[in-house]
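Please treat every number below as a calculation from the coordinates, not as lab data. Keep in mind that this is a model prediction, so the values were computed, not measured. Virtual Cβ from ideal backbone geometry, glycine too; neighbours counted across all protein chains shown.
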Amino acid sequence: IGSVIRGAGAPSAPVHIHDDDRHMLLDPLGSGGMLARYLDGLDLRPPEVLLGLDDGEVVTGAGMRFEVLHTPGHTRGSVCLRLDVEGQPPLLFSGDHLFAGSIGRTDLPGGSFEQLMASMADKILPLDDDLAVLPGHGPTTTIGQERRTNPFLLELQQG
């Protein structure tokens with residue numbers, strides 16, 4: 001959210017967000033707590049062009065194809081984006097959903113451990129082992145590496 005707000009210098013650039021998180025851009029201080037303290041003092045103009053994202057939607061441009069995977073848990077509107085570019089191996093931008101060896105926080109407003117684990121089981125575990133994962137923080141990984149070593153994914157597979 002902070003990156004989008006800092007990008008307000010280009011207010012006509014379209015911003016894509018799942019409808020369940022739209023309020024975080026339109027009223028970022030309304031969520032209170034840690035987010036409000038983090039954003040204090042910033043110019044909080046909402047983007048001029050705000051476009052919704054839906055599960056399964058495909059967004060294309062510049063020879064790239066992004067498939068939206070709605071993965072609630074970190075927030076209600078969390079999404080992962082699968083990127084396909086012709087002639088290149090696919091990538092998964094996992095945001096704050098899946099990290100190398102861990103998962104995203106669920107203790108902030110709108111977070112839910114149960115939702116995160118359900119979306120992990122429904123949307124992430126079925127992906128190919130060789131799919132590269134680029135999380136919002138930390139090192140890159142693959143679905144296969146996480147399936148074999150991530151304690152949260154191991155628990156899902158055993159349960």
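With point charges of +1 on the Cβ of Lys and Arg and -1 on the Cβ of Asp and Glu, referenced to the Cα centre of the stretch 45-135, which listed residue (G56, G104, L127) lies farthest in the positive direction of the dipole?
Value: G104.
Which order do S12, S94, S102 fall in if you start with the one that has the fewest other Cβ atoms within 10 Å?
S12, S102, S94
Under 5 Å between amide H atoms, partner at least 5 residues away or on a different chain: which partners does H16 have, H built in plane at 1.01 Å?
Placed amide hydrogens put L51 under 5 Å from H16.
Hey, what's the Kirkwood Rh for the stretch 54-159 if you take every pair of different alpha carbons, in angstrom?
Numbers: mean 1/r = 0.0725 Å⁻¹.
Every distinct Cα pair counted, the radius reaches 13.8 Å.
Long-range amide H contacts for L92: which residues qualify at under 5 Å (H placed 1.01 Å from N, peptide plane, sequence gap of 5 or more or a different chain)?
L83, A132, V133, L134
For the stretch 109-149, just the Cα set please: Rg and Dmax, both in angstrom.
According to the Cα coordinates of the stretch 109-149, Rg and Dmax are 11.3, 33 Å.
Please list the non-local residues whose amide H lies under 5 Å from the amide H of S112, H modeled 1.01 Å from N, same-chain partners needing a gap of 5 or more.
Correct list: G73, H74.
Let me have the relative contact order for the stretch 54-159, percent, based on Cα pairs under 8 Å that are six or more residues apart.
Values: 217 pairs, mean separation 24.3, N = 106.
Reported relative contact order: 23 percent.
How would T71, T141, T60 line up from fewest to most surrounding beta-carbon atoms within 10 angstrom?
Lowest count first: T60, T141, T71.
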